[in-house]
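This is the structure I want to talk about, given as structure tokens.
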Protein chains: 2
Amino acid sequence: MTAGRLDGTALARQVSEEVAKGVAAFRAAGGTTPGLATVLVGDDPASEVYVRNKRRLCVEAGMLDLHRRLPATAEQAEVTALIDELAADPAVSGILLQLPLPAHLDAPTLVERIPAAKDVDGLTTTSAGLLAQGRPGLRPCTPAGVMRILDAYDVPLEGTHAVVVGRSVLVGQPMAQLLQQRNATVTVCHSRTRDLVGMCRSADVLVVAAGKPGIIGADAVAPGTTVIDVGIHRAPDGLIGDVDAPAVAEVAGLLTPVPGGVGPMTIAMLLSNTLAAATAAHPRD
Amino acid sequence: MTAGRLDGTALARQVSEEVAKGVAAFRAAGGTTPGLATVLVGDDPASEVYVRNKRRLCVEAGMLDLHRRLPATAEQAEVTALIDELAADPAVSGILLQLPLPAHLDAPTLVERIPAAKDVDGLTTTSAGLLAQGRPGLRPCTPAGVMRILDAYDVPLEGTHAVVVGRSVLVGQPMAQLLQQRNATVTVCHSRTRDLVGMCRSADVLVVAAGKPGIIGADAVAPGTTVIDVGIHRAPDGLIGDVDAPAVAEVAGLLTPVPGGVGPMTIAMLLSNTLAAATAAHPRD
């Protein structure tokens, strides 16, 4: 048996098109054009690529590309001032501070400077608190993208056992909360988990965000399980995930490929968050 | 076999004495006397009792009792103004808004009005976000009290499977996060969980905060499990918890009694949070 493929690339395209329609409808109703301010400090090559992609997709969705760049030598006060400027600018619907920042900067303090209403990455303490309390707010893009994949493929969640491997603030934790809010029974596994294989085998839905290449093998997956691979790592023969895909595909019911699974959905949800931030800031009927 | 008793009453007394020593030490070092502002709106008899106990223990620990009371007819603006006044008052270390509020008031908005630094109940969105992100902050009293019980009795957590029954914002959710931050593998069960008994039986540590009398029976507890009963309900022959105590005591390794388990710890942690808020606000070496 070979697992069905959860096609994140196709779904991300669909979400982007939905956002583009939403932008057009919002403008037609008298709303402003949503604007995304990507902030890039320094010249990390990977960050350059990520930011370029985000800007391109933002423009394709009909939103304003309000990119801002600072040199690697920028002081904390300079970045702070830029964020404050963007926070005050009504043309800016969302602020994305590309991480990692140069080591001399205090990244958590800068992230906290982003107002929750423009926190399209969902990384501030307020956004985390709103999620934890089940209140409306902007959710982190990667776990939000996983939820969209599960929904697009009608994966049942209510009453199922969902196991999340990894407990990062960016992915694992918010993932667990989103799954729980859909009435899954959620277990969060991590590096100290004793019987990782046994716990994963009891999952109906398994989301792997451990950041360790191939950590989940076929022995950890019960037949028919839906497996979401959040990992992405460079390997000699291309990109691989946290899941040993060739082996797991033989037992899983559904599986996200790497690349082409969760990755494209992350950017799509950023666009979706930016539109949501714009419409919340300037509601129009 | 009969489970060992996790004596919350004795431990709460010990914590209160520690707080009293901490208050004395803080004052001796030139700090101000910590002050707890309990806010009671209306005359709900149960709330009256709770607030009276909190005030009494606060005074016994050497802290200022800055109680404030408003009539049941108080308008939203009136309660808001009171919270703002207490927020601005340097004599007030912590603000406790006793819940539930009269139905005409918007309780969540009023809770949010409490600054995170004085949120000794740990209920605001900011406090929830700080906990979710594993940052320092004031934690909700009941789950914090459970952690103190587990630690006082040297219950190992790292690598164990901890199952939390109940996913409330007040108890279940923060409980899961606190256990996870101590490296337990945590599963949160709730009303939609399919195999509640099976999941609970796989726990090394079982925290029951379901709000349903006797929902956890002996069949849901593996021999030797540490069982924490957060529930408290009035029954014909006295107070009972969420756990069927007589039956579970035969299989559990350790068990909190009801009353005398988690309940007293909740108030003790409120005192502890008030001292922590005072020392954070006015640090003295």
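Would you rank A:ARG234, B:ARG201, A:ARG194 by solvent-accessible area, highest first, keeping every protein chain in place and using a 1.4 Å probe? Mind dumping the intermediate values first?
Values: A:ARG234 215, B:ARG201 110, A:ARG194 165 Å².
Result, largest first: A:ARG234, A:ARG194, B:ARG201.
For the protein assembly as shown, give the share of DSSP beta bridges that are antiparallel, in percent and rounded to the nearest 5; count only bridges with both residues there.
Numbers: 9 of 63 bridges.
The answer is about 15 percent antiparallel.
What shape does segment A:165-230 take by its C-alpha gyration tensor, where a ≥ b ≥ c are the square roots of the eigenvalues and a/c under 1.5 counts as rounded, a/b above b/c as prolate, and the rest as oblate? Spell out each step's value before the answer.
Details: a/c = 1.59, a/b = 1.17, b/c = 1.36.
Oblate is the answer for segment A:165-230, as a/c is 1.5 or above yet b/c matches or exceeds a/b.
Of the heavy-atom accessible surface of segment B:90-219 (probe 1.4 angstrom), what whole percent is carbon and sulfur?
Numbers: 2530 of 4510 Å².
C and S atoms contribute 56 percent here.
Along the charge dipole of segment B:27-84, pointing to its positive end and built from +1/-1 on Cβ of Lys, Arg, Asp and Glu, which listed residue (B:THR73, B:PRO34, B:VAL51) has its Cα farthest out?
Positive-end residue among those listed: B:PRO34.
Then there is this: How many angstrom separate the Cα center of segment A:135-161 from the Cα center of segment B:209-285?
33 Å
Using +1 at the C-beta of Lys and Arg and -1 at the C-beta of Asp and Glu, which of A:THR226, A:PRO236, A:THR193 has the Cα lying farthest in the positive direction of the dipole of segment A:138-285?
The Cα lying farthest towards the positive end belongs to A:THR193.
Quick one: net charge of B:ALA81's neighbours, Cβ under 13 Å, K/R +1, D/E -1?
Numbers: positive: B:ARG68, B:ARG113; negative: B:GLU75, B:GLU78, B:ASP84, B:GLU85, B:ASP89.
Counting the neighbours of B:ALA81, the net charge comes to -3.
In whole angstrom, and with the biggest value first, how far do the Cα coordinates of the protein assembly as shown range along each principal axis?
In descending order, the Cα extents are 64, 54, 47 Å.
Given segment B:141-263, what percent of its DSSP beta bridges are antiparallel, to the nearest 5? Intermediate values should be presented prior to the final figure.
Numbers: 3 of 19 bridges.
Among the beta bridges of segment B:141-263, antiparallel pairing accounts for roughly 15 percent.
Something else now. Could you calculate, for chain A, the ratio of the Cα radius of gyration to the Kirkwood radius, expressed as Rg to Rh? All intermediate terms of the calculation are to be shown ahead of the outcome.
Values: Rg = 19.1 Å, Rh = 19.5 Å.
Ratio value, two decimals: 0.98.
Only Lys, Arg, Asp and Glu count, each charged at its Cβ (+1, +1, -1, -1), so figure out the dipole size of segment A:210-257 about its Cα centre, rounded to 20 debye.
Details: 2 positive and 6 negative charges, 29 e Å.
Approximately 140 debye in magnitude.
A follow-up question, please. Select from segment B:191-208 all residues whose loss of accessible area on going from the chain by itself to the full protein assembly reaches 20 Å² or more (probe 1.4 Å).
B:ARG192, B:ARG194, B:MET199
Scan chain A and report its longest stretch carrying no GluC sites (Glu not before Pro) that are both in a DSSP loop and have at most 11 other Cβ atoms within 10 Å. Walk me through the numbers before you get to the answer.
Details: sites that count: A:GLU75, A:GLU158.
It works out to A:159-285.
From the residues A:GLY122, A:LEU150, A:THR160, which one has its Cα farthest along the dipole of segment A:116-262 in the positive direction, the dipole being from +1 and -1 charges on Cβ of Lys/Arg and Asp/Glu about the Cα centre?
A:GLY122
How large is the accessible surface per residue of chain A, computed with a 1.4 Å probe and reported in Å² as a whole number?
Details: 11670 Å² over 285 residues.
For chain A, the solvent-accessible area averages 41 Å² per residue.
Next question. Residues of segment B:130-175 losing 30 Å² or more of accessible area relative to the isolated chain, 1.4 Å probe, heavy atoms only?
When all protein chains are present, B:ALA132, B:GLN133, B:ARG135, B:GLU158, B:GLY159, B:ARG167, B:VAL169, B:GLN173 each give up 30 Å² or more of accessible surface.
Given Cβ point charges of +1 (Lys, Arg) and -1 (Asp, Glu) and nothing else, what value in debye, to the nearest 20, does the dipole of chain B about its Cα centre take?
280 debye
Moving to a separate point now. How much net charge surrounds A:ALA245 when only other residues with a Cβ under 11 Å from its Cβ are counted (Lys, Arg +1; Asp, Glu -1)?
On the way: positive: A:ARG5; negative: A:ASP229, A:ASP242, A:ASP244, A:GLU250.
With Lys, Arg at +1 and Asp, Glu at -1, the neighbours total -3.
Can you give the accessible area buried between chains B and A, summed over both chains, with a 1.4 Å probe, in Å² to the nearest 100?
Numbers: alone 13070 and 13090 Å², together 23320 Å².
Roughly 2800 Å² of accessible surface disappears when B and A pair.
Right, next: Across segment B:10-66, what fraction of all alpha-carbon pairs, as a whole percent, falls in each successive 10 Å bin from zero upward?
The percentages, shortest bin first, are 23, 45, 25, 7.
Tell me which A residue has its C-beta closest to the axis rotating A onto B, and the distance in Å?
That would be A:GLY129, 1.
Placing a label point 7 Å from Cα toward Cβ, how far apart in nm is A:TYR153 from its equivalents in the other copies, listed shortest first to one decimal?
For A:TYR153, the other copies' label points sit at 4.3 nm, shortest first.
Place a +1 charge on the Cβ of each Lys and Arg in the protein assembly as shown and a -1 charge on the Cβ of each Asp and Glu, then give the dipole magnitude about the Cα centre in debye, rounded to the nearest 20. If you can, show how the numbers build up before the last one.
Values: 46 positive and 58 negative charges, 17 e Å.
So the magnitude is around 80 debye.
Who wins for biggest fluctuation among A:CYS58, A:CYS189, A:CYS141 in a Gaussian network model of chain A, springs between alpha carbons below 10 Å?
Looking only at A:CYS58, A:CYS189, A:CYS141, the biggest GNM fluctuation is shown by A:CYS189.
Quick one: work out the % antiparallel among DSSP beta bridges in chain A, nearest 5.
Numbers: 3 of 30 bridges.
Roughly 10 percent of the DSSP beta bridges within chain A come out antiparallel.
Just need the relative contact order of segment A:1-119 here, percent rounded to a whole number, with Cα pairs under 8 Å and 6+ apart. Could the numbers behind the result be given before it?
Numbers: 142 pairs, mean separation 34.2, N = 119.
After rounding, I find 29 percent.
When the gyration tensor of segment A:30-117 is built from Cα positions, what are the square roots of 5 times its three eigenvalues, in whole Å, from largest to smallest? Write out the running numbers ahead of the final one.
Numbers: eigenvalues 95, 53, 17 Å².
Three semi-axes, in Å: 22, 16, 9.
Whole-Å semi-axes of segment A:141-263's equivalent ellipsoid, largest first, each the root of 5 times a Cα gyration tensor eigenvalue? Could the numbers behind the result be given before it?
Details: eigenvalues 73, 48, 43 Å².
So the equivalent ellipsoid measures 19, 15, 15 Å along its semi-axes.
Report relative contact order for chain B in percent, whole number only (criteria: Cα-Cα under 8 Å, sequence separation at least 6). Please list the in-between numbers first.
Details: 584 pairs, mean separation 68.3, N = 285.
Relative contact order of chain B: 24 percent.
The values are calculated or read from the model by the stated rules, or taken from the named source; none is laboratory data. It should be emphasised that the depicted structure is a prediction, and the values quoted were computed from it without experimental measurement. Cβ coordinates were reconstructed from backbone atoms using ideal geometry, including for glycine residues, and neighbour counts include every protein chain displayed. Quick note on the areas: whole protein, heavy atoms, side chains included, nothing else; ligands and nucleic acids left out. Shrake-Rupley method; radii C 1.70, N 1.55, O 1.52, S 1.80 Å.
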